[in-house]
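Structure, as structure tokens:
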Amino acid sequence: MPDISSNKPYRIGRSRTGLGLFATKPIKKGTRIIRYFGRLLDCNKEKDDAVENKYLFHLTNRWTIDGSARENTARYINHSCRPNAESDVRPIKRRVYIRAIKNIAPGEEINYDYGTDYFKEYLKPIGCLCTACEKKRKKKRAEAKAEKQRLKAKAEKKARKATEKLAKEAEKQARKAREKAEQARKHAGRKPFNGAHWDGHGAFDVRAAGSGISPRASRGQRSERRVLA
Ligand SMILES: [Zn+2]
């Protein structure tokens with residue numbers, strides 16, 4: 001096992017995407033954390049070239065490391081689009097190390113960027129689950145939710161305004177109707193009143209209309225009675 005020391009600063013643990021590698025001690029930026037190792041595949045050999053798994057690390061056009069063996073603890077390191085480590089590739093020596101590019105605190109998951117090819121082939125189709133992408137998705141979801149709420153509020157405001165407009169319109173119509181009725185009543189009430197003045201029997205006529213016994217009570221007088229009552 002090509003561990004850096006027996007005093008490993010990491011352990012395999014449960015991560016959001018399955019298993020992952022976690023720091024157990026502070027790891028300083030620039031530190032080689034672990035070597036990514038495995039059988040060397042020569043793509044010029046048909047048998048080697050036919051090997052297909054998720055742990056192939058391309059060194060050069062010819063050489064690839066098959067890191068699928070369980071002993072290759074580095075294979076547990078998950079991809080991140082915002083990693084705290086990187087792969088340090090030594091093509092001539094045909095070696096790969098994972099090196100911290102940030103100070104990593106105990107408990108933190110160690111990640112490196114698997115690269116565009118891997119991302120396109122394996123991660124993009126299912127959606128990258130790294131913290132950075134998860135955060136991005138969360139933000140997008142929150143934004144979408146806020147936008148939805150904004151649109152809902154807007155629609156509600158519009159509906160409220162429409163209702164208010166309708167209510168105002170109805171009120172206006174009612175007022176108009178009231179005014180019209182008032183006018184009609186005034187108009188109707190004016191005739192006998194004026195008439196009473198003209199013929200000098202206004203008071204009697206109104207009272208008689210009020211008693212309801214006067215055969216002379218006209219429509220207008222009945223109207224007047226209602227106003228007096
Ligand atoms: Zn990602």
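Return the only residue of Leu129, Leu123 being among the aliphatic types (A, V, I, L, M) and closer than 26 Å to Asn61 by Cα. Before the answer, list the steps.
On the way: Leu129 fails: closer than 26 Å to Asn61 by Cα.
None of the others qualify; the one that does is Leu123.
Among all residues of region 61-68, there is none that is within 15 Å of the ligand (Cβ to nearest atom) and either at pLDDT 95 or above or not assigned by TED's automatic domain parsing to the domain that holds Arg14 (or both). When the test is whether a residue is touching a strand residue (DSSP E or B) at 6+ places or on another chain (Cβ under 6 Å) and part of a strand (DSSP E or B), Asp88 passes it. Arg82 falls short on exactly one of the conditions (1) in contact with a helix residue (DSSP H, G or I) (Cβ under 9 Å, 6 or more places away or on another chain); (2) surrounded by 16 or more Cβ atoms within 10 Å (Cβ to Cβ); (3) under 25 Å from Ile27 (Cα atoms), and that condition is (2). Looking across Arg178, Arg185, Arg137, one residue alone is at pLDDT 85 or above, over 30 Å from Tyr97 (Cα atoms) and either surrounded by fewer than 10 Cβ atoms within 10 Å (Cβ to Cβ) or touching a Lys or Arg at 6+ places or on another chain (Cβ under 9 Å) (or both). It is Arg185.
Out of region 109-143, which residues are more than 10 Å from the ligand (Cβ to nearest atom), part of a helix (DSSP H, G or I) and not charged (D, E, K, R)? Answer for region 109-143, where residues must be more than 10 Å from the ligand (Cβ to nearest atom), part of a helix (DSSP H, G or I) and not charged (D, E, K, R): Thr116, Tyr118, Tyr122, Ala142.
The values are calculated or read from the model by the stated rules, or taken from the named source; none is laboratory data. This one's a predicted model, so the numbers in the text were calculated from it and none came from an experiment. Glycine gets a Cβ as well: all are built from the backbone with ideal geometry, and neighbour counts include every protein chain shown.
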